[in-house]
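Below: one structure, written as structure tokens.
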Amino acid sequence: MVDQPSSAIACAIAAIVAMAASGGPGMAQSNPKCDPLDPVSDAGWSVVPSLETVGKTDSAPYQAGTSGDWFIDRTTMLLPFCNYFNEIGIYSMRSYTLSRQVAKEQIAICKRSPAGAILAVAPYAGPCPPL
């Protein structure tokens with residue numbers, strides 16, 4: 001038998017993850033430091049650094065103190081790439097990845113209003129407090 005509050009929490013967390021994957025607010029990301037090109041032997045080539053998200057996980061909701069505020073911890077795995085292309089867009093086999101990066105952030109899902117009610121923080125649409 002499926003517990004209704006647990007199902008609601010799982011659905012809400014899935015919605016938050018989907019929003020973040022679609023370019024919602026999140027942590028600042030910086031491009032990796034790639035090896036420089038040799039102006040003589042690499043004439044016509046350019047390096048294009050990128051930082052790709054390869055995984056995201058969210059913790060179970062938890063309350064911080066007795067304030068009525070609820071949070072989840074999001075862990076994001078990032079993979080830095082150094083891609084080499086020539087002027088007509090041909091991809092070089094010299095392209096490579098750097099070490100995986102892990103970023104963690106705390107995300108509010110419920111906050112206590114000045115009137116004392118516990119309200120959902122957008123885009124979280126689940127029950128507050130989560131059970």
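Here, each number is a calculation from the coordinates, and none is a lab measurement. Model, not experiment: these values are computed from the prediction. Because the Cβ atoms are built from the backbone with ideal geometry, glycine has one as well, and the counts that use them run over all protein chains shown.
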ask   = Within the range 48-131, which trypsin sites (Lys or Arg not before Pro) sit in a loop by DSSP and count at most 13 neighbouring Cβ atoms inside 10 Å?
value = Arg94, Arg100
remark   = Rounded to one decimal in nm, the spacing of the 7 Å Cα→Cβ label points at Ser67 and Glu52 is 3.8
remark   = The answer for Gly126, listing residues at least 5 apart or on another chain whose modeled amide H is closer than 5 Å to its amide H, is none
key: Label zone at Thr97 (point 7 Å along Cα-to-Cβ), backbone N below 11 Å, the range 49-80   = 52-55, 78-80
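Note the full-extension length gain between Lys111 and Ala125 as 0.36 nm times their separation in residues minus their Cα-Cα distance, in nm to one decimal.
In short, 3.8 nm is gained.
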